[in-house]
Amino acid sequence: MSEIIRIFDTTLRDGEQAPGVSLTPEQKLEIAIQLDRLGVDVIEAGFPVASEGERRAFKLIKEAGLKAEICALARADQRDVDAAISVEPDSIHVFYSTSDIHLKSVLGVSREEALERIIKYITYVKDHGFICEFSPMDATRTDLEFLKQVCRAAEEAGADRLNVPDTVGVMTPKRMYDLIMELRRVVRIPISVHCHNDFGLAVANTLAGIEAGAVQAHVTVNGIGERAGNAALEEVVMALNLLYGKKTNIDTRQIYATSQLVRRLTGVQLQPHKPIVGDNAFAHESGIHVRGVVVDPCAFEPFSPELVGRVRKIVAGKHAGKHGIKTILEESGLRPTENQLDEIVKRVKELGDKGKTVTDTDVLAIARSVIEAPIEGMKAVNLEELVVVTGTGVIPTSSVKLNVLGKEYVSAETGVGPVDASLKAIQRVIQNLARISLREFRIEAVTGGSDAIAEVIVKIEDETGNLVSARGAREDIVMASVEAMINAINKLLARRSIH
Ligand code: KIV
Ligand code: ZN
């Protein structure tokens, strides 16, 4: 059994057959260059008979002088094979259906005719001096005796490799293992496997085929492909390396960059929990997990994210716990006191309980407003109640109840909007303590969406020229503005009492 498993990448051919995907020749070239950097052994760059664009893309890739073998796909058909030859590939992947259902319903030819064609076009490709890989399409639903007859004939006609497609993804790992074992008794040329993911078993079936002695895997980046897709390159390669002890020529640190490029150019998004390359594949939110990975990453990770070109992500959220939030803050240079950290964690959990996805940016906004707020107990002014009325046909009004130095005060004001009215109401309550003017007011919706955390920054000045700024961060813009204003007033009063 060969030590190095060859990776035959068909992202640009089977991957491009995914519904809705269509790449320009330039985009195909960009992906091919990255696949070459990744270290795939073969790039199936297209199906030249399909269109002029396919042929142009193929030529661009061929002329790029990549290390990988550049392969063209062709049915066992004169036009197809001639089109493949015309783009001067390194190899030609000839395929022809062998299952009765395909022969009858799709092609309308007999087994004998199919066999004849297969022999004819493999011979033709070899006579023209190309490496030839042959695929009996729908092999896994082909009568076993006929399949063996076809494989034997393909080898005799000169095929260099035999690829076994599970075209509609109906194999199980055990059946794939047995089939490859059986075919190894029939041919001596290297065997490859090509698995589709209709039952979510493409990777498992690919690995089973390799366990049985296949030495090449057909894969696509991110597993894109027809219907439910193909075996995902990143999953097959990492499982081979780390679970099966088999090597490939892949530079695994290029995996994430390749995945991101394919995601961007094809527009096919990934489920967040997609293994290896999904957004959550190395993200930790739960308190216990975060504590574990911070102390020893192996505790909750099968391997280090750097191995596939990624970094670990500690995600905020109601499960995050103190450790996780502290780590996020420290990574951004924020060092809250224990009390501040408790307050930040409390606020993050409150948001999570309201069903909001709390992003790192939200946590940082909350943390900044908590850290910069005057220390509890030194606050002269505290908000007790806020009621705003706004809408069409009413004048925006705000009434606030503030506790100022232990005494309650209530005030109501109108304004151009609820924020304006609220800030005026606050200013009126504290006018006996300080006559302040608003010098600057900025709202930064720091995350997208209407339920984003809004970060408000205010700068105020008193009658003697003291200038302070402060911030507030809440998912309600009015509350964030009020928080920023009260924080600023408290800072200002604290400064005046010191001087
Ligand atoms: O799935 C399939 O059978 C194919 C062939 C062209 C090999 O993609
Ligand atoms: Zn396929």
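The values are calculated or read from the model by the stated rules, or taken from the named source; none is laboratory data. Values in this document were obtained by computation on a predicted structure and should not be read as measured data. Please note: Cβ atoms are built from the backbone with ideal geometry, for glycine as well, and neighbour counts cover all protein chains shown. Note: accessible area is taken over every heavy atom of the protein model, side chains too, but ligands, DNA and RNA are not part of it. Shrake-Rupley method; radii C 1.70, N 1.55, O 1.52, S 1.80 Å.
Summary of computed values
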item	result
Three-way shape label, segment 348-499, alpha-carbon gyration tensor, a/c 1.5	oblate
Under DSSP loop assignment and at most 12 Cβ neighbours within 10 Å, longest GluC sites (Glu not before Pro)-free interval of the chain	4-375
Length added when fully stretched, H128-R152, from 0.36 nm per residue minus Cα-Cα	6.5 nm
Share of carbon and sulfur in the accessible heavy-atom surface of segment 283-372 [1.4 Å probe, %]	55
Qualifying aspartates and glutamates (Cα of each under 14 Å from Cα of K313; at least 8 residues distant if same chain)	D279, E285, E301, E330, E331, D360
Calculated FRET value between E463 and L405, using beta carbons and R₀ = 22 Å, to 0.05	0.70
Partners for K491 among lysines (Cα-Cα distance below 21 Å; same-chain residues under 8 apart left out)	K379, K401, K407, K424, K459
Relative contact order for the chain, counting Cα pairs under 8 Å that sit 6 or more residues apart, in percent	9
Neighbourhood net charge (13 Å Cβ-Cβ; Lys/Arg +1, Asp/Glu -1) for N280	+1
Entries of K28/K120; K28/K67; K326/K346 with Cα pairs more than 21 Å apart	K28/K120
Extension gain, E350 back to D476 (0.36 nm per residue minus Cα-Cα distance, nm)	44.0 nm
Trypsin sites (Lys or Arg not before Pro) lying in DSSP loop within segment 163-193, provided at most 14 other Cβ fall within 10 Å	R185, R188
Approximate spin-label separation D279-L243, in nm, with each point projected 7 Å along Cα-to-Cβ	2.5
Inter-site label distance for V294 and M181 at 7 Å from Cα along Cβ, in nm	5.0
Cα gyration tensor category, rounded, prolate or oblate, for segment 6-266 with a/c compared to 1.5	oblate
Solvent exposure of segment 446-493 as accessible area per residue, Å², 1.4 Å probe	32
Qualifying trypsin sites (Lys or Arg not before Pro) for segment 221-308 [loop in DSSP, other Cβ within 10 Å: at most 16]	R227
Reach of K247 by Cα under 12 Å, taken over aspartates and glutamates that are not fewer than 8 positions away in the same chain	E3
